[in-house]
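Reading through the structure tokens given below for one structure.
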2 protein chains.
Amino acid sequence: MPNTPDTMDADLLARFAAITGSAHALTDGASVAPYLVESRGLYHGTTPLVLRPGSVAEVSAILKLASETGAAIVPQGGNTGHVAGQIPREGRADVVLSLSRLNRIRDVDPVGNVIVADAGCVLADIQKAAEDVDRLFPLSLGSEGSCQIGGNLSSNAGGTAVLAYGNTRQLCLGLEVVLPTGEIWDGLRRLKKDNTGYDLRDLFIGAEGTLGVITGAVLKLVPRPAGHEVAFAGLRSVEAALALFDKAQQRCGGALTGFELMPRIGIAFTTRHIPGVRDPLSSRHDWYALIDVSTSDSAETARTMVETLLAEAMEADLVQDAVIAASEDQRRAIWHMRESMSPAQKPEGGSIKHDVSVPVSSIPAFMAEADEAVMAMIPGARICSFGHMGDGNIHYNISQPIGADKQAFLDRWREVNAVVHGIVLKYGGSISAEHGIGQLKRDELAAVRAPIEIELMARIKHAFDPAGIMNPDKVLRAER
Amino acid sequence: MPNTPDTMDADLLARFAAITGSAHALTDGASVAPYLVESRGLYHGTTPLVLRPGSVAEVSAILKLASETGAAIVPQGGNTGHVAGQIPREGRADVVLSLSRLNRIRDVDPVGNVIVADAGCVLADIQKAAEDVDRLFPLSLGSEGSCQIGGNLSSNAGGTAVLAYGNTRQLCLGLEVVLPTGEIWDGLRRLKKDNTGYDLRDLFIGAEGTLGVITGAVLKLVPRPAGHEVAFAGLRSVEAALALFDKAQQRCGGALTGFELMPRIGIAFTTRHIPGVRDPLSSRHDWYALIDVSTSDSAETARTMVETLLAEAMEADLVQDAVIAASEDQRRAIWHMRESMSPAQKPEGGSIKHDVSVPVSSIPAFMAEADEAVMAMIPGARICSFGHMGDGNIHYNISQPIGADKQAFLDRWREVNAVVHGIVLKYGGSISAEHGIGQLKRDELAAVRAPIEIELMARIKHAFDPAGIMNPDKVLRAER
């Protein structure tokens, strides 16, 4: 992993380091190494300097200096992103700006149902702060123990409760953003309704740090549910899963918090490789659904809802077998199985991954068509497609054939992507449902979207960051 | 009301008219008159030409010609806006582009829970189309019989069900927009999750037609509630209303669809002036709350929720008296009373109006402070402040003192605005919660917001509309 401290002028480096103090300006290989790789190991970046500012004023000073000198800045949160948006470019002198030290919860207001947090707060800490005042911050995802809210906002993270509460976008009322010039936009509003001009907030959300650096946010809290039930159902087909989802929506409405789809092979992988995971059903099924219901009024409502739903679904032959978790431990265990789907693929060799969405009603047709195409390309491929069915979001992952050469399989990543994404687009879908664009999908986005759309994005980028210093080459190809 | 056909070159006028056909290119005073005034009569515009295109292609041709010739275009839907965003400027040659003929519902998909509609569809027609397939399109507002979805989107309309379903922004999945150049952005996606670059959709939503013309939209449908209850409660104070709202949120969660606050004087005005409106409570109270609950699972759940809530609230002395509507007619009657608050002020003389929001928990303090300031300025003023308490959105309206001179009272509009908005800002509030900026609040917005925020908006405007032809002088002051 090359580190290239010599690509930055020593004087400039010293000026940057003077802003944070040298203790928070990392330059040696061992210290900067963790900032240069992402979880999948697809990208390795280089940097002369990792800055760890301790205040918004320091972030502002860093960006001001960067604007003046043309130094590229790559904001990084918990470094859990899957598209290398947070990783500096290889062979360039991008400065990494870590938000980790901006980790203060600024205010918790249970009456107003908001929490105000620094961008570097770890998601789990925000969840905890909400719980402490008997509220729920509903954003929840596999990496919640290390991802940071600034990254969640910049990537508009999804996760497991989108069905009821929306993406991160829907959970944010206001933002504080340091602009590329170092100017600070104070949009930390706590308002549910505010129609006063262009929606700057939603422009920064999901922009992956290419328009400015999010340093703080006002987040929505909701009442903690009185009732919470998790059911796990064995199903015959994806079509049955769709019918079950439709019924669950009718029956539970806004109380339906999650509806996750899992294939048999995913259950096999998790029970095989993840310690403590076991299949809660005694019989085997081709497909499985995790149904999560939470109700505000009482625990009984949730229980009755789930029992009635499953009884009706069995009566209608949509469900072959099912269990309702009997304790919080059991609920966690079922969710843990679902969240282990992706890690459980690792011991099975290489996997080619897709984070796609299609209209919910098109999921069965999309999956049938994609499966056929993939199996024709790679006989023996083991398709492990799972995900947030209620959102139309499938992690269409493919494990290598047993005994195949891992690298040879992974070398076909782009080729397989092209085929799967082609089918996704045919169904009016998205090539990135929740992970974003970053470096991984940048050129593909430009290829699949209408030129006018890419052109509008480029104009926005130029309007906000004329010097091109903010996370260049992410989302859009840099002009220079 | 002056009409100025001679301010546009006859040849250019003929070229515009050729696009729609002369039957849909209105120039005579009587035909164009309805397009030049808005409901409150505060603004009167002028125009040489009202164009009524019959297709997206015609909208595109109109904007292309406008871009080439520099003619200003003012998109107009149902002309129900309250800030004159849809009204052409006075004394200029702005062309009005009416979307009324683009009124086709393109697709209804109950399985995918979406409806795709032309921008000119009347809101009530969309509600009806949803109902026809046993779904709910939850956007609902007083003017739903004549407002158009394109206008709702362009102004990010709020209405009476924001608490549970969000503003128009939250009800839209995709957009089709004709850009100032005439190019068409096809963003008609039906996806719940799509993290692929900058959020263009949310930039056009709420932009009041200054960045392009919305011509079509993909809208979200939800299951029709199985249970629906409306309660009307007499309260002692705004503080009691806040405590009741807090309890209602805890008790009902996502089933709480509306929580509206009304003052005694509003009940007096509606019962006095609006035919058929009567006070459902026998005793008089200083304040009233309308509580709307809808549940997906069963009618019983909604009934039990409301009954339990009111019983607990009476036990806690938060509610003095209450009724639960016993029929759909009674539910409509209570809502009709609430929606008549604003029209019922008309017969009482002039009214100075505010559409503001503050954090929900600050409503009592804001209202107390604003009341004191207003009464000090205008002794005898009759404050009729009502609205969507659950959203923090108060229509802080002031009827003139009895016997006062109407015009002299109305002449103080800006002066009173400045005082009330000053208090709103002190509480971190918004000077336009749901009505937008248009012409009415343009200069005030620029005065109260940080210069960098206005500057960012101006850069976006310039990036999308360099020729400055799209609804100039609305939201932002035009450059030329």
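Listed values, structure above:
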item: Global geometry of segment B:145-231, whether rounded, prolate or oblate, following the gyration tensor of its Cα atoms and the 1.5 cut on a/c; result: prolate
item: Counting DSSP beta bridges with both ends in segment A:10-100, the antiparallel % (nearest 5); result: 35
item: Gyration tensor over alpha-carbon atoms, segment B:61-111, equivalent ellipsoid semi-axes in Å; result: 27, 17, 7
item: Amide H within-cut-off set for B:R135, under 5 Å, with H built and near neighbours excluded; result: none
item: Inter-copy separations for A:L410, label at 7 Å along Cα-Cβ, nm, ascending; result: 7.3
item: Shape metrics for segment B:349-435, restricted to C-alpha atoms - Rg then Dmax, Å; result: 12.2, 36
item: Cβ-Cβ FRET estimate between A:L281 and B:K128, R0 fixed at 56 Å, reported to 0.05; result: 0.80
item: Heavy-atom accessible area ranking, 1.4 Å probe, most first, across A:R332, A:R135, A:R189; result: A:R332, A:R189, A:R135
item: At 1.306 mPa s and 10 °C, Stokes diffusion of the protein assembly as shown via Kirkwood alpha-carbon radius, µm² per second; result: 54
item: Descending Cα extents along the principal axes, segment B:22-175, whole Å; result: 47, 33, 24
item: Segment A:11-85 versus segment A:364-401: alpha-carbon centroid distance in Å; result: 37
item: Cβ-based charge dipole, segment B:174-291, positive-most Cα from B:L221, B:G253, B:G234; result: B:G234
item: Alpha carbon centroid spacing (whole Å) that separates segment B:277-308 from segment A:179-219; result: 38
item: Convex hull of Cα atoms in chain A, direction-averaged projection (nm²); result: 22.6
item: Surrounding net charge for A:G276, when Lys and Arg each add one and Asp and Glu each subtract one, Cβ distance under 15 Å; result: +2
item: In degrees, nearest ten, helix B:123-132 long axis to first principal axis of chain B (Cα); result: 70
item: Peptide A:177-190, shielding by other chains (average Cβ, 10 Å cutoff); result: 3
item: Cα shape, segment B:225-348, gyration tensor, a/c 1.5 rule; result: oblate
item: Phi to ³J(HN,Hα) by Karplus 6.51 cos²θ - 1.76 cosθ + 1.60 over segment B:179-190, Hz, x for Gly, Pro; result: 7, x, 6, x, 5, 10, 9, 8, x, 7, 8, 10
item: Nm distances between copies for A:R264, ranked from closest, using label points 7 Å along Cα→Cβ; result: 7.2
item: Shielding by partners - mean other protein chain Cβ count within 10 Å, residues of A:291-299; result: 4
item: Other copies of B:P364: label-to-label distances in nm, shortest first, labels 7 Å along the beta-carbon direction; result: 5.4
item: Residue-wise HN-Hα coupling along segment B:237-253, computed from phi with Karplus coefficients 6.51, -1.76, 1.60 (Hz; x: Gly, Pro); result: 7, 5, 4, 4, 4, 5, 5, 5, 4, 4, 4, 5, 5, 4, 6, 10, x
item: Karplus (6.51, -1.76, 1.60) ³J(HN,Hα), θ = phi - 60°, over segment B:342-348, in Hz, Gly and Pro reported as x; result: 6, x, 5, 6, 4, x, 8
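The values are calculated or read from the model by the stated rules, or taken from the named source; none is laboratory data. Computed from a predicted structure; not experimentally measured. As a convention, Cβ positions derive from the backbone with ideal geometry for all residues, glycine included, and neighbour counts pool all protein chains shown. When the accessible area is computed, the model is the full protein with side chains, heavy atoms only, and any ligands, DNA or RNA have been set aside. Shrake-Rupley method; radii C 1.70, N 1.55, O 1.52, S 1.80 Å.
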